[in-house]
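Scroll down for the structure; my scribbles are underneath it.
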């Protein structure tokens, strides 16, 4: 899921890299700033930055060291040729410049994603920025159009507390 707010951007010099465990707290703070993303616990983000570092990517402002973008992802244990993208968070200062797409492409080119043939993510029906990002990826790196299936139903899985999540699956070309 990607945040939906937009804002004016400024010129930034970014370092794109895999996270370290010490980035977990900054990742947590970034996600908290990127409503409507679900906020995970700091501990969860620490584990993502430690256990899944090779399949996560972040963008750091080289000038002040602040975290401006983060993608959390993992290879599905039962289907290691599929990369599941959990969250995409972009700070307001870096929105509208293609950072999410750059992070995603950099991640897909990483050694840890060698052999990945499919990408999956879940997106709520009303999240236009996420649909735009992943549909664009399907057109440029995939086989055209991704597949959509309801994965988590608003009532059955979330007891009405969250919107339904649609699984979007892209066959990478």
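If you sort the three axes of the alpha carbon gyration tensor as a ≥ b ≥ c, you get a/c of 1.5 or more for segment 43-136 and a/b no higher than b/c, which makes it oblate. Across the chain, Cα pairs under 8 Å and at least six residues apart give a relative contact order of 21 percent.
Bridges between two residues of the chain, per DSSP, are antiparallel at a rate of about 85%.
Distance from the Cα centre of segment 24-76 to that of segment 127-142, in angstrom? So the two Cα centres are separated by 21 Å.
How would segment 14-171 be classified by its alpha-carbon gyration tensor: rounded, prolate or oblate, with rounded meaning a/c under 1.5 and the a/b versus b/c comparison settling the rest? List each step's numbers first, then the result.
On the way: a/c = 1.43, a/b = 1.20, b/c = 1.19.
In terms of gyration-tensor shape, rounded.
Read-outs: derived from the displayed coordinates by stated rules, not from any lab. What you see is a predicted model, and the numbers here were worked out from it, not measured in a lab.
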